[in-house]
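Undergrad: Sending over a structure as structure tokens; questions will come in a sec.
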Amino acid sequence: MLRVRSLASGSAGNATLVHVAWQQRHTHVLIDCGPGLRDIMQRLAQVGLDAARLDAVFITHEHADHAGSAVQLAKRHNLPLITSYGTWQAMGAPTSLAPRWASDGQAIGVGDLTLRPFTVPHDAREPLQLRIESPTAHLGLLTDLGHISSHVVKALQGVTTLLIECNHCPTLLAQGRYPATLKRRIGGDWGHLSNNQAADLVQRLSHASLARVIAAHLSEENNRPELAQQALATALGWPMSRIDVATQANGSDWFEVPPNPTRPPAPTSPAQPTP
Ligand SMILES: [Zn+2]
Ligand SMILES: [Zn+2]
């Protein structure tokens with residue numbers, strides 16, 4: 001069984017836990033580690049996981065709300081770090097650790113999980129987001145991007161669960177108290193995804209087996225959970241209550257990622273009519 005849980009989501013710190021239980025084995029990967037070390041340890045403890053049991057920490061990009069305490073956590077528990085070369089350089093390439101390199105299109109195996117990183121348009125050195133596959137189910141994790149590229153759409157085709165950035169409502173951002181330069185950065189092509197952009201993407205990724213969509217990385221200043229839910233629900237033709245929201249304070253519950261439908265059997269030659 002593949003499952004996902006946000007431990008924290010928003011501009012003050014992001015961390016997402018992915019777990020698969022397969023043939024009596026367990027694999028846990030932490031995607032991003034934005035909260036401070038003590039905070040992330042507490043959040044892991046709250047879900048009953050000793051940090052030492054993590055099989056890897058993946059850093060999507062160098063922004064502090066993602067890279068935060070990743071190096072400290074990895075050092076403390078001797079955990080493998082996975083990130084892009086560009087992200088590592090932008091983090092100052094701490095010499096005490098040697099990460100495993102991730103790059104667009106290169107699958108990375110961690111226990112029973114396959115991580116499939118892909119490039120996103122964001123104002124970081126070499127940002128990557130992830131499609132994560134267990135032997136039976138496919139999950140999409142997508143935050144921190146300024147617009148939807150065809151590359152992103154292709155990378156996430158067919159996932160049955162999607163955690164997607166709904167950073168801001170453009171109207172709230174425009175009317176809010178942020179300085180004009182920051183508003184331009186957030187709303188720009190290399191900033192963050194608005195509710196409407198996220199809605200456009202989920203519509204393009206919608207299929208009969210898409211079971212769950214989790215709105216994430218919401219701005220506490222420029223968004224409201226119900227606006228994100230409404231935008232995604234309308235795009236999918238779902239009731240609003242079916243859209244989950246990951247929060248800064250509490251992250252989210254565990255969500256099981258349902259198996260992808262197995263391929264339909266190859267067509268056989270039509271049965272001969274009985275005379
Ligand atoms: Zn972020
Ligand atoms: Zn970022």
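Undergrad: Any idea which residue in the stretch 28-55 is surrounded by the fewest Cβ atoms within 10 Å (Cβ to Cβ), counting only those that are in contact (Cβ under 8 Å) with a residue 40 or more places away in the chain and within 14 Å of ASN250 (Cα to Cα)?
TA: VAL47
Undergrad: Could you tell me how many of the residues in the stretch 233-258 are in contact with a strand residue (DSSP E or B) (Cβ under 7 Å, 6 or more places away or on another chain) and assigned to a strand (DSSP E or B)?
TA: Summing the residues that are in contact with a strand residue (DSSP E or B) (Cβ under 7 Å, 6 or more places away or on another chain) and assigned to a strand (DSSP E or B) in the stretch 233-258 gives 8.
Undergrad: What number of residues within the stretch 88-130 are within 22 Å of ILE164 (Cβ to Cβ), within 16 Å of ligand 1 (Cβ to nearest atom) and among the charged types (D, E, K, R)?
TA: Looking only at that region, the number is 2.
Undergrad: Among the residues of the stretch 56-82 satisfying the criterion of being among the polar types (S, T, N, Q) and surrounded by fewer than 17 Cβ atoms within 10 Å (Cβ to Cβ), which is farthest from VAL20 (Cα to Cα)? Spell out the reasoning first.
TA: Residues of the stretch 56-82 among the polar types (S, T, N, Q): 60, 69, 72, 78.
So of that shortlist, the ones also surrounded by fewer than 17 Cβ atoms within 10 Å (Cβ to Cβ) come out as 72, 78.
Numbers: GLN72: 25, ASN78: 21 Å.
For the stretch 56-82, the residue satisfying everything is GLN72.
Undergrad: When you go through ALA231, ALA198 one by one, which is the residue that is hydrophobic (A, V, I, L, M, F, W, C) and touching a residue at least 60 places away in the same chain (Cβ under 8 Å)? Step through it out loud before you land on a result.
TA: Values: ALA198 fails: touching a residue at least 60 places away in the same chain (Cβ under 8 Å).
Matching residue, one of ALA231, ALA198: ALA231.
Undergrad: Being closer than 25 Å to LEU142 by Cβ and among the polar types (S, T, N, Q) is the requirement here; does THR83 meet it? If you could, list the steps in order and put the result at the bottom.
TA: Values: closer than 25 Å to LEU142 by Cβ: yes; among the polar types (S, T, N, Q): yes.
In short, yes.
Undergrad: For residues that are in contact with a helix residue (DSSP H, G or I) (Cβ under 9 Å, 6 or more places away or on another chain) and within 15 Å of ligand 1 (Cβ to nearest atom), scanning just the stretch 131-163, find the one that is farthest from VAL245 (Cα to Cα).
TA: Looking at the filtered set, the residue picked out is GLY146.
Undergrad: Can you give me the ranges of the helices (runs of 4 or more DSSP H) entirely in the stretch 160-208 with at least 2 residues that are crowded, with 22+ Cβ neighbours inside 10 Å?
TA: Values: elements: 170-175, 180-187, 195-205.
Helices (runs of 4 or more DSSP H) meeting the threshold: 195-205.
Undergrad: Of everything in the stretch 126-151, what is in a loop (DSSP other than H, G, I, E, B), away from ligand 2 (no atom under 11 Å from the Cβ) and touching a residue at least 60 places away in the same chain (Cβ under 8 Å)? Give them in sequence order.
TA: Applying the first criterion (in a loop (DSSP other than H, G, I, E, B)) to the stretch 126-151 yields 126-127, 134-137, 143-149.
Next, from what is left, pick out any that are away from ligand 2 (no atom under 11 Å from the Cβ): 126, 134-137, 147-149.
Within the stretch 126-151, GLU126, SER134, PRO135, THR136, ALA137 meet the criteria.
Undergrad: If you go through the stretch 3-29, how many residues are more than 14 Å from the chain's Cα centre (by Cα) and more than 16 Å from ligand 1 (Cβ to nearest atom)?
TA: Residues that pass the stated criteria total 9.
Undergrad: Give HIS66, HIS61 a once-over and let me know the one that is in a helix (DSSP H, G or I) and either within 16 Å of ligand 1 (Cβ to nearest atom) or of a type outside the set (A, V, I, L, M) (or both). If you could, list the steps in order and put the result at the bottom.
TA: On the way: HIS61 fails: in a helix (DSSP H, G or I).
None of the others qualify; the one that does is HIS66.
Undergrad: Enumerate the pairs (first residue in the stretch 6-27 and in a strand (DSSP E or B); second residue anywhere and of a type in the set (Asp, Glu)) with beta-carbon separation below 8 Å, excluding pairs fewer than 6 apart on the same chain, so at least 6 apart or on different chains.
TA: ALA8/ASP39; ALA15/ASP32; THR16/ASP32; VAL20/ASP112; TRP22/ASP112; ARG25/ASP112; THR27/ASP55; THR27/ASP112
Undergrad: When you go through (1) in a loop (DSSP other than H, G, I, E, B); (2) exposed (fewer than 14 other Cβ atoms within 10 Å of the Cβ); (3) of a type in the set (D, E, K, R) one by one for LYS154, which number turns out not to apply?
TA: Every listed condition holds for LYS154 apart from (1).
Quick note: the coordinates plus some simple rules give every number you see, no bench work behind them. Quick caveat: nothing in here was measured; it's all calculated off a predicted structure. Positions of Cβ are backbone-derived with ideal geometry, glycine not excepted, and every protein chain shown enters the neighbour counts.
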